[in-house]
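Read the structure below first, then the notes.
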Amino acid sequence: MKKTYPFTKMHGLGNSYIYLDGITHQLDIPSYSELSIQVSDPFKGIGSDGLILILPSDEANVRMRIFNKDGSEAKNCGNGLRCVAKYVYEHHLVHARQFTIETLSGNKHAEVHLRDNRVDSVTIDMGEPVLQRGLIPVAGGDGAAPVIREPLDVDGMTYPFTAVSMGNPHALFFVDDVDKAPIHKLGSLLADSYPLFPGGVNVGFVHPLSDHEADYRVWERGSGITQACGTGACASVVASILESRIKKDTPVTVHLLGGDLSIEWQSASNHVLMTGGAETICEGLVFSH
């Protein structure tokens, strides 16, 4: 027998997910992975980059779980965090403008910025970047050392990359033009099953334009090319600083296919702050077997 659940489709810079409110509504769904595959399908479902659950938390104000369009569960999602923050504030599930969201990669601090009593943008404290090879993880080498401009040989070509985890692992490649980057070639090869990245990896291409601006494109593990990736935008700035291409403590506008994010890696706290918008697309009912 099919059951129906209210859903909200939201996007952060075009990175869209189907959101289910498990605080207001009782969710009795046998497999969130299967439901994510179902709703993500643009022909037989709703169409999205995956499914995000908004749930009660014992250690934060709310909890989020993220499922990619292939059904795999992700530890973190920067664009999803901003959308969850907007949803819970506008639906009065939290009442202060600053609150915490539990994720599989830890609790994240959120602050909503209002215009006409609606959430216009959200700042998320994404925490400290993980730079140790073994924790990202990247196979081989000294597990405690960072991975900076490490050569990767593919089909007779060498592609230096820098690795960063912002709750999700990222391999960052620096290019002169992100629109001409080998995103299909390296993304499809590396993201989900390449031995060097035992946990999979998000594959990003970065072109710093100045100390305050950078272009970024991404192939996300489990989803492919997406309009935006919040954790990836954070990782792109961290990698740019590690490679001395951008200065620390400088807000950087990162241009993604879906729009812009402001990212700052702060020396005092070693935390990365992400600020950007979140939008509601539509609401409806989703069927689950």
In a GNM of the chain with a 10 Å cut-off on Cα contacts, which of Arg149, Arg63, Arg221 has the highest mean-square fluctuation? Arg149
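Kyte-Doolittle mean at least 0.5 and Cα extent at least 15 Å along the axis: which DSSP H helices of the chain qualify? Numbers along the way, then the final one.
Details: long enough: 78-90 (18 Å, -0.18); 230-242 (18 Å, 1.65).
For the chain, where a helix must reach 15 Å along its axis and average at least 0.5, the hits are 230-242.
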Which value results when the Cα radius of gyration for segment 150-270 is divided by 2.2 N^0.38 Å? 0.98
Could you work out the equivalent-ellipsoid semi-axes for segment 150-206, taking the square root of 5 times each eigenvalue of the Cα gyration tensor, largest first, in whole Å? 17, 13, 11
Taking a ≥ b ≥ c as the square roots of the eigenvalues of the Cα gyration tensor, with a/c under 1.5 meaning rounded and otherwise prolate when a/b exceeds b/c and oblate if not, segment 1-149 is oblate
In which sequence would Ser210, Ser40 go, from the one with the fewest C-beta neighbours within 10 Å to the one with the most? Ser210, Ser40
For the chain, what number of Lys pairs, 8 or more residues apart or on separate chains, have alpha-carbon atoms under 15 Å from each other? 5
Options (1) 54, 39, 33; (2) 59, 47, 28; (3) 90, 39, 38 - which one matches Cα extents along the principal axes in Å as calculated here: (1)
How much of the DSSP beta bridge set in the chain is antiparallel, as a percent to the nearest 5? 85
Pick out which of Ser72, Ser188, Ser269 has the largest mean-square fluctuation in a Gaussian network model of the chain, springs linking Cα atoms closer than 10 Å. Ser269
Neighbouring Cβ atoms within 10 Å as the yardstick, rank His255, His212 fewest first. His212, His255
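Relative contact order of the chain: what whole-number percent is it, with Cα pairs under 8 angstrom and at least 6 residues apart?
Result for the chain is 21 percent.
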Report the local net charge at Ala85: Lys and Arg +1, Asp and Glu -1, summed over other residues whose C-beta lies under 11 Å from its C-beta. +2
With contacts defined as alpha carbon pairs under 8 Å and 6 or more residues apart, what's the relative contact order of segment 22-107 in percent? 25
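FYI, it's all coordinate maths here, none of it is from the lab. If you're wondering where the values come from, they're calculated on a predicted model, not measured in any experiment. Counting neighbours? That spans all protein chains shown, and the Cβs are built from the backbone with ideal geometry, glycine included.
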